[in-house]
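Okay, structure first, notes after.
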């Protein structure tokens, strides 16, 4: 067999990533984390019962039984939502004997919710009662 006099090409490798691309990838990873947290935060607004609970506690702290009465939901359902909201830091709680009270812990969350309600109410036809209810809600808080 004859040996080839041609030199072998070096193995193919991915080109080195420029420093700028590495920095952009790192920023993208950081943004992905931030966007994930923001999505979970806004996800709390995706359930009407949680909005009703927020409305119930936005001025004063309330007991679980008062929140149940204000929302019309079952105690089990209210407790489940309060637990999620507590874990997210939106509400806080205190115990007085056997009664548990909840209040808003994150006023920014209430403000975001209020802003969205006002914006949506502004888009609803004046003839519809929902607009009046939403604007009244926003004015109270």
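Data for the structure
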quantity	calculated
Residues located in region 66-86, provided they are in contact (Cβ under 8 Å) with a residue 24 or more places away in the chain and surrounded by fewer than 18 Cβ atoms within 10 Å (Cβ to Cβ)	77, 84
Yes/no for residue 47 being in contact with a strand residue (DSSP E or B) (Cβ under 8 Å, 6 or more places away or on another chain) and at pLDDT 90 or above	no
Unmet requirement for residue 32, which otherwise passes all of (1) more than 18 Å from residue 108 (Cβ to Cβ); (2) modelled with pLDDT under 85	(2)
Answer residue from region 88-108, given it is in contact with a helix residue (DSSP H, G or I) (Cβ under 9 Å, 6 or more places away or on another chain) and assigned to a loop (DSSP other than H, G, I, E, B) and is surrounded by the most Cβ atoms within 10 Å (Cβ to Cβ) among those	90
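The values are calculated or read from the model by the stated rules, or taken from the named source; none is laboratory data. Small disclaimer: the values here were computed from a predicted structure and weren't measured. Using ideal geometry, Cβ is built from the backbone for each residue, glycine included, and neighbour counts are taken over all protein chains shown.
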